Each structure stands twice: as structure tokens, then as C-alpha cells.
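As C-alpha cells, the structure follows; a few thoughts come after it.
Please treat every number below as a calculation from the coordinates, not as lab data. Everything numeric here is computed off the predicted structure, so don't read it as measured data. Reconstructed Cβ throughout: ideal geometry from the backbone, glycine too, with neighbour counts over all protein chains shown.
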Amino acid sequence: MTEMTTAAAGAGASVPTAGPAAAAARARRPGQLVRFVVRDPSTAFWSAVFAAMVLLSLLGPFVLPSHSAMEPADRLLGPSGEHWFGTDEYGRDILARTVYAGRVSLGIGLLVTLIAVVCGVLLGAIAAWWKPTSAVVLRLMDGILAFPPIVLAMALLVTLQNGIISVVVGLGIVFTPYIARVVYARVLALKEEGYVTAATASGVSPVRNILVHILPNCAPAIFIQAIFVYANALIADASLSFLGLGVQPPTPTWGNMIGEARYFLSVAPTFILFPGIAIIASVLALNLAGDGLRALIDPRARAVSSLQYIRRRAARRRRGGRDAASGAAEAVSGASAR
Amino acid sequence: MGFLELRDFGVDLLTDEGSSRLVAQVDLSLERGELLCIVGESGSGKTLTSLSLARLLEYTSATVPVGHAALDGEDLLGLDQTAMNRIRGSEIGVVFQESMEALNPSCRIEDQLVEAARRMDREAARAKALRLMEEVGIPDPAGTLRKYPHQLSGGMQQRVMIAMALINDPSLLIADEPTTALDVTVQAEILRIIRNEQATRDMACIFITHDIGVAAYMADRIAVMYSGRVVEAAPAQELLENPRHPYTRRLLECMPKVGRTGVSRFETIPGRVPNPSLEIIGCRFQDRCAFATDVCRTETPQLLPVSAQHEAACWNQEAVAAAGFAEDAGAEPGRSEDTAGRAVIARAEDVSKSYRSRASLRRSHVTRALDGVSLEIREGEFLGLVGESGSGKTTLGRILAGIETADAGTVSVQGHEHSRRRAAVRELRRNVQVVFQNPHGTLDPRLTIRESVSEPMIHLGGLSKRQAHARAAELMSQVGLPEEYLDHVPDALSGGQKQRVSIARAISISPALLIADEPTSALDVSVQGQIMNVLLDLREQTSVSYLFITHNLNLVLNVADRVAVMHGGRIVEVGTPEEIIGSPRTEYTRRLLAANVETSI
């Protein structure tokens, strides 16, 4: 089949942009957005969910009442017209607090991911390109990976001071290996690519070679891995806050809101619900959107979505009705998108 | 009615947008004991046709066979996959191109053969497997049965594949380019085995190949496919001597011929194969055809009988038959240039190189890729370096180019010895440029052609970005590409075009030595000629020397001034093409030559 597609590329005078990298770029262009949504509605939906959560937490605090205004008379109320999500033990509006906590939690997650990506790319690329360094770097990464993320983060937080910066730095270190390993594997593979060797033969220096030829070509893989790191960072941050480490009240995070709410489970059972939903929604959205985007970027990892499969079956049936070879159509099973 | 009968057979590809026909109007019939070769370049639909009729492609791709296909009177397309499985098990055997991929790496050979056997118990299957292993010429059949696929060489794996295809005594054998990945001496043996088995078992056999020379050796009948259609079918001898379709004729003309030297231009087919799914008014070959007339542009030619056995789909077959064969320019014996007195520009002396690989936790395995190799390349010389896989030819090229370093021995280019010093490395890179084998991997998919071509000029030639980009246009015309391709990304180019771009990149800084590592082995024969012509033209225009690394002995004998033959990490013979052809001094060279003659026309 590949030879067919190669021939296909040559037929017209236009410039077809095939290839996995281009596929991702295509999906991002506005004109193709509709097509992307139609082709892969699940990925589009979960991406939209996450985008909505980000927008809400960015813009929400400007519209909603203050998240810190206490009203001792209105403590632990259930959802009502005035307080949609109810109030907490100090009479603060839970809706406002959940939305504001989103700002903090999502922000911490983003910073953690950025730190992990920067350190991971640096370490992974160095280890893969300069072989002697790989033993040191990889063992260091293995060392970090040997601990459960939460335990290591707790240990780091106890050593560092409690606070947003410590959480970000601590979790950044914890998640660096997840990026570094992916980068290491990709760079190791790309190093053997013809165009990288060709660039060396063209007199391109190693640093430039990595920056121009290698890293852009592993960017999709890094991007996808970063999405999963983001999701894990959200969970880790929430767990730390829940345990009372990391960001301290009165600054709300989804984790410490749940941590407080659990004391009032019997009095105000809806209190714990909303920050919980926020965590679940954002982590689920990131994971599912990440899965879909990975399939989009790397067609080899693509499984036929059930919707595509049903559509193909239907197309085959229609054909089968017209053609003499109708039996053939029914028998086909598990044909992949390739 | 033939034993296998295809009538108006086609293959449709289903996509989200609808379906498109990749193969159409295939009418073929095949008798028991007959071997039909389907010949065509990549994208011609030859594999698609033969695997679809066995209904094998439906598992992995969204294709549907249409039309009529009958084996021994049984309609193959009407059956469901369960019934088809029974037929595939007993009546149809398939040998795939990549034996390493077709064999399960985690199962012993014996288990795989026994698993493939139908209608016999384990003991009978084991006995039969053993007998077949002997039949296909595997030394120590009992021992081999206990091995895993990776412990066997490519040739041995392919023999196992053949044994596996034969274990149920099929009446139809489909062989899909079974020798393409193999060395020429191994290929000759595998071809003989398939021919033997087919003859003694009175099987019908469809043999798919892109190499018309292999087809000439194997076939009773040859069908030529082009862009998803059969354009000509005839008994082998008749087709080779009296081709009636211009495409067949051009394919024959494009083959490097045995025994010629000093060729200065190869015959090629200009243009590209149209996408098989494209609806075309008229003949699909019209744009590339020298015989095309008005009727070719308005009406689609059908496959019509020329004589009793011979069919061709061309409006102008009389004209095609009347025209003589075109010859490669300059193709006379004794025309390769004598370079003995010229200055030496690159020299390898007593170069050795080993690779260490971990065989297990304790043991490490050392492979000697080069074992005391000495070679001189002279100014303006076209030196061909021939060898089979694992002979060390690529390693020698990479060491000369400074991409790898030798364990022992000295390498020098233009009098400067290779060293790790920055200035020395720069000097080396300025003098030596490389064109790599795989055209698809050699260009960064994210850069435009202009950026790729400019890279050496900026980093080695000392040109500014603007100057380099301006000169890129000039280089494009030198390698015969239109200038507007400069702003395209590699994905938009065909393999041959990409290879031209990498030649343009290599010559951009006017190196003294151009190392071309199998630059045409991934390309079709009609495109191979185009690339060779670019290289040969450059030789006329500049004083660049070539180290042309290849496994294709015919090709290099056609054009080289001198040829070096490598085997097992040593250079076993160096000489002019005439010397090599006329009086080969080593047994190995003689074997290479013999294998080449066998599969050529």
C-alpha cells in the first residue's frame, strides 16, 4: 500500500503535505478544524472540555463573587440560587473557590510540565547524542523513577520550604524522567536518520544538528508526553494539597478544598463534590485528548475508532449491494485504517 | 478456461471519501504447471492484484477485490473468509518479500511449519517439514527446524518460507518479490528452487517482480502492469523479443545490459507513473510515450490480441514493433577511461574496523567489517565498489567520508590524513560529500528543499544564507529539477527527485570526491537511469571523482573506469570493467558475474 501512496503524491502538480507531522499541523489549521471534529469527535470533545476549563479558570474570577469573602452566617450551605455550589465552613462561595482553585492547580500543573519538558529535553538529548553521558543521566533518571512520584515529591517538599515554588520545582524534578526517556529514545533513533548524517557531512555542528534537525522532528512526541505529564502533575499536586503539603490555605487548590471538605462530609455532602469533579474532568480530558492526538500524530499507533469502523462497514455494504462480489464485503473484519 | 482465471478483475480502495479503483481490467489466465511473472514498477499494482485474489489484503487494508476470479472453477471472490481460509490452506501457497517479517521471531521454525500444515497429524507434518527442508536445499534440515528465524540468514529464511508455502501441496503458488531483499548470488539459488518446485509439482505460479531480467529467467509468460492496468501479456520469449507496448519496450531499454562498458548515458522513461486511482482519458502511458498519437489522448486502449498468445493494450503497436531498440549512448567495449597515470585524491591504507555487539549478558560478538583494506581513488575517476550485503563496502565509504573512524590504518584525502581536529574535519567535509542510499530518509522532512540544499554551502562553503539560497536555483537545473521545487518540502517529491536533491546538496560545494552509497538501489529501473545520467553528466562538467558503492555489478560495469570487488571485509579484486568481465581473477568475482548474467537480458 505504501507504494501506492508514494505514487499518489506524484500525480498532481500541487504540493501534497503528507506525513505524520503535517497531519497534526493540518488539524490545527482553522479550515481543517471542522474536518478534524468530524473525523475524531471524541478527541475534539475532550480537547474542548479542557480548553473550557482553562478559559473558565482564567476568566471566571473576574465575573464571580470574591473567593475569599467570608460570611460566617452562611456556613456550609447546600447549592442554592445565590451560591450555586453552596458555601464552605467559613461561608465562602464554593463556585468562586473552585474556579479560582482551577487557576492555581492548572497553573501549577503547567509550570511543572514546562520544567519537566525543559529539563527532560536537555538531559534526554545530551544523553542520546553524547554516549558517555548516557550512563550517568539514565541512572539518575532511573533513580528518580524508582520512587513513587508522590512519595518523592513529599520528601522533596519536606526538605524544601512549603509553598507554590517548592511544589513546582519538586514536581518538576519528579516528572523530568518521563520526558527525558521519551526524548532519549527519539533522539537515539533520529540520530541514525539519513538527514542527520547528511547534515553532519554538510558540516553542521552537533548543537545545531540537534536544534534544527532532531528536536523539531521529535516535537510531536514530546508534546504528547507533556500532555500526560500535565495530567499526572494535576493529580500529584492535588494529592499533596490534600495531605496538607504544598499550597497552603487560604489559597484554594482543588486538593486542599477536598482536604477541608472531607471533615464536613456528613454536614455538607455536596462540598467535596465540586472540586472532585473539577479534578476528574481535567485529568480525564487531558488523558483522552492526549490519546487521540497521539493517534493523529503517529498513524502507526492508530487504532480504528469504533465510529470509523462502523462507517467503513456501511460503505462496504453499499458497495456490496452493487457489486457481484457482495460476499466479500461481509467477510471483511478488523480492517485497519492503514 | 484456465486453472486460474481472472476476468475484469480489479481492486478498490475504500476511504472515508468513497472508493477508488487501484487496479482495473485485469484479464489473465494461468494453467497448471505454468509460471506467470507479473512485472511492474512500484505503484503498478502487481502486489495488490495477486494478494487480493488470494483475499489476503482485506485483513490489513481497506481494499475490496471486484470482478471475477476463479481457481479451478471455484469463484474466489464469492467465498467468505472462513471458506477462503480453507482454500488458502490447501490450494494457495504464498511466499512474501520480507521473510524476516513473515516468520514469527518467537517460534521455532518447526512449530511454524507444523502450524501451517493442514489435514495431517503432528507427526506427519513434522516428517513432511523435514522432507521439504531438504527439498529447498537447507543443509542440516533437522538442526534448522529447531532454530529460531533470527538465527538464519536471509536466504535460509526465504527457503523456510518456500517450504512453508509448499507444506500443503498447493496448486497455486504466489511469490511476491521473494528475492528483492537478497544478494544476487543467493537470489540465483532461490530462483532455481522456486522454478524446480513449480516444475516438479506441476503448480501454477504467479511470480511478482520489478526486475524484468528475473522475469526473463523465470517466466513461461510475462504480464506487464502499469499504473494498475495490465498493458501487455505474452509468452516470455515473445515479449522480450517483440514487445508491442511502448512501456514494455522502454523497460527493456532501461535495463543495464551485460557486457557493456563505457556507457555515458542511460535510457530512461521521463515523467512519473500516474496515480492508479486517477481517472485518465485515453492511455495511461500517453504522457511518457514517444509513440503517442491523438487517439491515445481520447480513447482508452483495450488489451487486444497481437497473435495467439500475445496481447497488448496500445493503439500504435505496429509502430512500436517497427521501431528498433534504443541503445545506451557510448555503450561499446573498451571505452572506459584509463586513469592509471592520474593523481591520487583519496587513499585508504590497511584500514580495519570491527563492530562489537552484545550477543548475551556475558558474551559480546565482534564483527570484522573491514579487514586490512587498501584503496586508491584517482582524480576524475569513476570507481565502482561492488559487494554483497555485509561485505563492508558501506563501512569503507563511511570511513572515507569521515562519518566513522577506522580502528587501524590510515585514510587520507588530498594528502590530508583524517583526524579529529576541528579544522581537519572541516577540510575533509569540504573535500568529500556523500549521497545516501535511502532517498526518503536523507532530507529533513521539516525543511524546504532550498534549506536542505543550502546547508553545506552555509556551513562549509562560507556563503551567506542569501548567496546559498540563490545558488540553490542553479544547482537544481544542474540535476534536472524545476526551480519551483525549492520551496517544497520533501514529502511532495518522488524518490528519484529526492535523490536528485541530495546530489545537488552534495555537489553544492564542489567536492573533490563524491561518495554515492547505493544511490539507486531504492529506485525503479527507469528512474535509476535518470540518477545515473545526472552523475555521468556531472562527471563531464566537473573533475569530481566518484566512489560509487553498489551491489549491482551490471550497472557499475556499464559506467565505471575501475571496479573494486569486496567480499567479507576485504577487497578481492580491482580492475577495469574490461578486465573484470574478461578475466576475473577470483572465484568470488566469477560467481558474481555468473549470477548477474543469469538474471539479465
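Some points to look at:
- For the range B:520-528, Karplus couplings with θ = phi - 60° (6.51, -1.76, 1.60), whole Hz, Gly/Pro x: 10, 6, 8, 10, 5, 5, 6, 7, 3
- Derived scalar couplings between HN and Hα for the range A:268-285 equal 10, x, 7, 3, 6, 5, 6, x, x, 4, 4, 5, 4, 4, 6, 5, 4, 4 Hz in order, rounded to whole Hz, by the Karplus curve 6.51 cos²θ - 1.76 cosθ + 1.60 (θ = phi - 60°), x for Gly and Pro.
- Magnitude of the charge dipole, the protein assembly as shown, Cβ model with Lys/Arg +1 and Asp/Glu -1, debye to 20: 2600
- Across the protein assembly as shown, the fraction of Cα-Cα pairs farther apart than 48 Å, rounded to a whole number, is 36%.
- The residue list B:457, B:508, B:402 was ranked by how far each Cα lies along the charge dipole of the range B:344-598 toward its positive end, using unit charges on Cβ atoms, and B:402 comes out on top.
- Farthest toward positive dipole pole in the range A:44-313 [+1 Lys/Arg, -1 Asp/Glu at C-beta], among A:124, A:288, A:187: A:187
- Computed magnitude of the charge dipole of the range B:344-598 (debye, nearest 20; Cβ of K, R +1, Cβ of D, E -1): 1140
- Helix B:465-478 axis, angle to chain B major axis (alpha carbon atoms, nearest 10°): 60
- Projected onto their three principal axes, the Cα atoms of chain B cover extents of 72, 68, 51 Å, largest first.
- Relative contact order for the range A:44-313, counting Cα pairs under 8 Å that sit 6 or more residues apart, in percent: 23
- Put simply, when B:169-176, B:212-219 are sorted by average Cβ atoms within 10 angstrom per residue, most first, you get B:212-219, B:169-176.
- Under-21-angstrom lysine pairs by C-alpha in the protein assembly as shown, whenever the two are 8 or more apart or on separate chains: 6
- Residue-averaged [θ]222 nm for chain B, counting only DSSP H segments that reach four residues, each worth -39500 (n - 2.57): -10000 deg cm²/dmol
- Note that the range A:226-237 has calculated 3J(HN,Hα) couplings of 4, 4, 5, 4, 4, 4, 5, 5, 4, 5, 4, 4 Hz, one per residue in order, obtained from phi through the Karplus relation 6.51 cos²θ - 1.76 cosθ + 1.60 (θ = phi - 60°); glycine and proline are x.
- Distance between the range B:541-579 and the range B:173-190 - C-alpha centres, whole angstrom: 24
- Since only B:22, A:50, B:594 are under comparison, the one whose Cα sits farthest along the positive direction of the charge dipole of the protein assembly as shown, derived from C-beta charges on Lys, Arg, Asp and Glu, is A:50.
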